[in-house]
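The next block holds one structure in the form of structure tokens; read it before the comments.
The values are calculated or read from the model by the stated rules, or taken from the named source; none is laboratory data. Not measured: the values here are computed from a predicted model. Note that we place each Cβ from the backbone using ideal geometry, even for glycine, and neighbour counts take in every protein chain shown.
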Amino acid sequence: MAAPATAQTPDAALEHARALLRSTPLIDGHNDLPWAIRTAERAPRDVAAYDLRERTPGMTDLERLKQGQVGAQFWSIYVDGEMKDSGYARVQLEEFDIARRMIARYPDRLSLALTADDIERDAKRGRLASLLGMEGGHVIENSLGALRSYYALGARYMTLTHNVTTDWADAALDSARHGGLTPFGREVVHEMNRLGMLVDLAHVSPGTMSDALDATDAPVIFSHSGARALVDHPRNVPDSILARLPKNGGVVMLTFVPQFVSTEFMAWEQQSDSVWKQLKATVPDSAERRRQHDSWEAGHAAPSATLAQVADHIEHVREVAGVDHVGIGSDFDGIEHVPVGLEDVSRFPFLFAELIRRGWSDTDLKKLAGGNLLRVMHQAEATAARLQRERQPSTRTIDELDGPPKT
């Protein structure tokens, strides 16, 4: 439930928000810019051509990051779980390469960050702390050695799944083959804890969320999710899981994805997907199929999600889990549609202004902006230091823990 509105005018609330974000680093949990560079129409994979010093065709560039007062950013290192290719590892390594070249190209503005202390250091230096987060546990290809190698390249979180159920964890948008995590899936969580890599439960099924909370020694995150009580989308977090976060210490980083934020937009998306599936079954020519689907969308305009609805999700998580367990995870450059008022990375202060008008205190806003995530990182790093004293890197395999693959 929203707090009562204050007497601040819109301009005064925005000025207040900007002043607050000058004093505390705003940490965004999820931005897909590396994938946008990889798939750029004009020069795919060309970091120099996708010049962040200029206005980009997407939602992110240096000037708009400055306007949005972003202090730290998790850049998503994403690989499509349904990709038909030579294997996920090659594409994953190319994504690391793109992200790290992007960060290195702007040393006066961006700095690779690996720890919570790095974020705080970069905030003092006026540079945007750039962290890397892997989106989809399929990329480790059932190998704990690969997991450790990705950590060495800079990955500081991994979503246990993307949209496809893996051999060891159920995804939110796929079949629940395991009822959550398999024994090997729990070993993945344990090894992530030992490394200090945050366990990201965005994209996983409620069963996997629950099993991961049972298995983990460190706080978890949801890098870009919404509240399922407000929008019944399978990607959102149920209240039963939110209620467990105080004991775990984790953070839900509320996203701007319209279908997770707005029930009306979710219904439109489902209808659009249904039309597309019907066209795939009946129209052999791919260009004609796309033309007909574009024509349908032109005649059935998508309803608008709004900044206020994002604020509603933030307030719901605060109400159920507590203010120590909320954060921001936009998913900019990973979405085709955006909420009205949150069109790109320049707009973060407007969300904070909305919460100020709803009566949020500066103390709570600083927790939302990044304080909660910094706490989680410090705790995960302390847990890793302890576990590394207690045990060696795991050499367990999926065949050993789960048995041979079922045919």
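Observations, loosely collected:
- Taken over segment 37-90, the residue count meeting the criterion of being over 30 Å from LEU368 (Cα atoms), crowded, with 17+ Cβ neighbours inside 10 Å and modelled with pLDDT of 95 or more is 4.
- Taking segment 45-91 as the range and being farther than 22 Å from MET158 by Cβ, touching a residue at least 60 places away in the same chain (Cβ under 8 Å) and among the small types (Gly, Ala, Ser) as the test, the residues that pass are GLY58, GLY68, GLY71.
- Given (1) aromatic (Phe, Trp, Tyr); (2) in contact (Cβ under 8 Å) with a residue 24 or more places away in the chain; (3) assigned to a helix (DSSP H, G or I), index of the condition PHE222 fails: (3)
- ILE398 being β-branched (Val, Ile, Thr) and more than 30 Å from VAL70 (Cβ to Cβ): yes
A quick yes/no check of all residues on (1) charged (D, E, K, R); (2) in contact (Cβ under 8 Å) with a residue 40 or more places away in the chain; (3) assigned by TED's automatic domain parsing to the domain that holds ALA155:
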{"site": "GLU336", "(1), (2), (3)": "yes, no, yes"}
{"site": "LEU342", "(1), (2), (3)": "no, yes, yes"}
{"site": "ILE356", "(1), (2), (3)": "no, yes, yes"}
{"site": "SER361", "(1), (2), (3)": "no, no, yes"}
{"site": "GLY370", "(1), (2), (3)": "no, yes, yes"}
{"site": "LEU373", "(1), (2), (3)": "no, yes, yes"}
{"site": "GLN388", "(1), (2), (3)": "no, yes, yes"}
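- When residues in segment 264-300 are screened for being over 30 Å from the mean Cα position of the chain (by Cα), surrounded by 11 or more Cβ atoms within 10 Å (Cβ to Cβ) and β-branched (Val, Ile, Thr), 1 of them pass.
- As a summary of the residue check, PHE352 satisfies the conditions (1) in contact with a Pro (Cβ under 9 Å, 6 or more places away or on another chain); (2) assigned to a helix (DSSP H, G or I) except for the one numbered (1).
- For segment 62-80, the condition holds for no residue, the condition being that it is more than 24 Å from GLU343 (Cα to Cα) and among the small types (Gly, Ala, Ser).
- Residue within segment 183-198 that is assigned by TED's automatic domain parsing to the domain that holds GLY133, in contact with a Ser or Thr (Cβ under 6 Å, 6 or more places away or on another chain), crowded, with 24+ Cβ neighbours inside 10 Å and not in a helix (DSSP H, G or I) present: no
- Annotation note: Cβ proximity below 7 Å between a residue of segment 294-306 that is free of Cβ contacts under 8 Å to residues at least 60 places away in the same chain and a residue that is of a type in the set (Ser, Thr, Tyr) and surrounded by 10 or more Cβ atoms within 10 Å (Cβ to Cβ) (sequence gap 6+ or interchain) occurs for GLU297/SER272; PRO303/SER262; ALA305/SER262.
- Selection of segment 234-263 for residues being in contact (Cβ under 8 Å) with a residue 40 or more places away in the chain, in contact with a Pro (Cβ under 6 Å, 6 or more places away or on another chain) and surrounded by fewer than 23 Cβ atoms within 10 Å (Cβ to Cβ) yields only GLY249.
- Count of segment 26-45 residues, restricted to those that are touching a strand residue (DSSP E or B) at 6+ places or on another chain (Cβ under 8 Å), outside any helix (DSSP H, G or I) and not aliphatic (A, V, I, L, M), is 5.
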